[in-house]
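The values are calculated or read from the model by the stated rules, or taken from the named source; none is laboratory data. None of these values were measured; they are calculated from a predicted model. For neighbour counting, all protein chains shown are included, and Cβ atoms are generated from backbone atoms with ideal geometry for every residue, glycine included.
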C-alpha cells in the first residue's frame, strides 16, 4: 500500500509541476485515500482544486491545512489559510462567514508572537476594501505597508499582490506612471512562474483591469497576450480561462477583428457557464452585444445587454447607444443621466461621458453636452493618458462642429485621429474621419470631405458596420435628391435648432421674422413626422442632415 501511495504521489507531483490540474487533483485524491497527505501535498491539492474552480474541494483541503497547522502550533500558517478562506468567501458574497474567517486569521496572526505574512495579507484586505469604496488615497499606504511586511517575511506572493494593489491605487489617483511601474513589477514573478497558481491568475486579472481602466491600451494588449500564453500552457485550466477569453475579445474588437471577437466572447461564455465568475460572464455578454450593435444587429444586441444586466452588470453605455441608433435619443439620455447620478469614480464616469456627449447633441441638449465635455476634459487632464485626451478632444470637436466652428472642430478631430491611429483602433478612427469629413464640408473643402468619407466607408464596409455605412451614404447623398423633403432653408433652421438656439435667436441669425421661423419649424415637424425639437434634432443627426 505504501508503495502504491508513493508511486501515485510521485505522479501527482509531476502532474502538478506540469500544471495538469485535473490529473494532479485526481492523483492526489487517490493518494490521500491510501495515506493522508502531508501539508505540502495538501497545498498542491488545494491549488489544483482552485484552478479547476472546484470550490468545495478547495475548501476541504484548506480546512485540513488549517487544522494541521493549528495542531502543530504554526499559528502563522494557520492564520494564512484562515485568511485565504475568508478572502475566497468574500469573492463569493458570503460576507458573514468570510468575516468570521478573517477575524480568526487576525487572532491567530496576533497570537503568533511576532510579525508574519498573514498580517500583511490582512492589511491588504483592508486596502482592497478602500479600493472598492473609491478611497484610493487610503488604499495606497495600506498596500505599501503590506508590501513592506511581505519583503520582511520573504513572502513573494504577498509582495506581488501588494505591488498590484499599490499600482491600482496610484493609477486611480492619477499617478499613472508610478502605478503602471508598480503593476509591471508585480507581474515579473508571475511571468517567471514564481507565484502560487491562484495568485498568478489574480495578478494578471488585476493588472489588465487597471490598465483598461485608464486606457493604457499597449499594456492591456501586452498583458492580455501574456495571460493568454499562460492559460494556453494549462489545457485543463478552468478558473481563469474564461476571463482570459473575455480580455482577448475586448482586444480583438479594438483591433477590428469583430467576428473573431464574437467567437472569443462566446467561448468565454461557454467556459464560464459552470463557474462562479458571474461578473466575467456578464462582461462576455456585454462584449458580444457591443459588436452586434455596431453591426446593426439590434435585436441580438438587446438580448445580450439584457443578459449582462441579469448577471449583475450595468449594460451602459452600450444599451443607451443602442437606443440612440434606434432613434430613441431622449430615452438614451434619461438612461445615462440615471447611471451617472450613481457613478462617482472619475474613471467610471469617463467611460460614460463620451456617449453622453453624443446622445445629448443628438437630443438637442447642447448645454448638457457641453457640461459633459468639460467634465471629461477635467478627467483627461487629471489622468493624463493619450486615449483619455483623445476622447476629450473628440467630444470638444463634436460640440464645436454643432455650433458651426468647423475649423476648431477639425483641429480637435485631427488630434484624436492621430491617437486612435497609433492605438490600432480602425473603427474609432473611421468614426473620427466621418466627423472630420463633415467639418471639411462646412469649410467648403469638398476634396477633403470626399477623402475622409471614402476612408471611413472602406473601414466600415470591411467591419460590417451597417449603421455607420448608412450614415456615410446619407452624408454623401446628392443634395438635389432629398428623401426627407426639407428645403435648404428648413435644413438651415434645423441646424440652428440642434445647437439649442431659440426661435427668436434663429430669426435674428437668419434675418427672418420669428413668425417665419415658427412656420419653418412647423413644416420640419410635419415632414419628419416628429413632435419636438429634440426628436427633429435626433432625426437630423441620424439621417445625415446635420
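Out of 125, 142, 217, 166, one residue alone is closer than 29 Å to residue 44 by Cβ, crowded, with 18+ Cβ neighbours inside 10 Å and touching a helix residue (DSSP H, G or I) at 6+ places or on another chain (Cβ under 9 Å). It is 125.
For segment 502-509, the condition holds for at least one residue, the condition being that it is assigned to a helix (DSSP H, G or I), modelled with pLDDT of 85 or more and surrounded by fewer than 16 Cβ atoms within 10 Å (Cβ to Cβ). Among the residues of this structure, residue 57 counts as one that is within 30 Å of residue 271 (Cα to Cα), in contact (Cβ under 8 Å) with a residue 12 or more places away in the chain and either surrounded by fewer than 17 Cβ atoms within 10 Å (Cβ to Cβ) or not assigned by TED's automatic domain parsing to the domain that holds residue 272 (or both).
Given the criteria part of a helix (DSSP H, G or I), in contact with a helix residue (DSSP H, G or I) (Cβ under 8 Å, 6 or more places away or on another chain) and buried (at least 19 other Cβ atoms within 10 Å of the Cβ), does residue 9 qualify? In short, yes. For segment 246-255, the criterion of being surrounded by fewer than 19 Cβ atoms within 10 Å (Cβ to Cβ) and in contact with a helix residue (DSSP H, G or I) (Cβ under 6 Å, 6 or more places away or on another chain) is met by no residue. Flag: residue 37 matches the condition of being free of Cβ contacts under 8 Å to residues at least 60 places away in the same chain, crowded, with 18+ Cβ neighbours inside 10 Å and outside any helix (DSSP H, G or I).
Scanning segment 69-86 finds no residues that are at negative phi, touching a residue at least 60 places away in the same chain (Cβ under 8 Å), in a helix (DSSP H, G or I) and not assigned by TED's automatic domain parsing to the domain that holds residue 279. Of the candidates 280, 263, the single residue that is under 17 Å from the mean Cα position of the chain (by Cα) and in a helix (DSSP H, G or I) is 280. Restricting attention to segment 299-326, the residues that are closer than 28 Å to residue 536 by Cβ, surrounded by fewer than 17 Cβ atoms within 10 Å (Cβ to Cβ) and touching a residue at least 24 places away in the same chain (Cβ under 8 Å) add up to 1. Take the residues in segment 102-111 that are touching a helix residue (DSSP H, G or I) at 6+ places or on another chain (Cβ under 7 Å) and modelled with pLDDT of 95 or more, then tell me which one is farthest from residue 151 (Cα to Cα). By that ranking, first place goes to 104. In segment 476-486, the count of residues that are in a helix (DSSP H, G or I) and in contact with a helix residue (DSSP H, G or I) (Cβ under 8 Å, 6 or more places away or on another chain) is one or more.
Taking the condition of being farther than 17 Å from residue 238 by Cβ and either without any contact (Cβ under 8 Å) to a residue 24 or more places away in the chain or buried (at least 19 other Cβ atoms within 10 Å of the Cβ) (or both), how many residues in segment 20-34 meet it? The number of residues fulfilling the criteria is 5.
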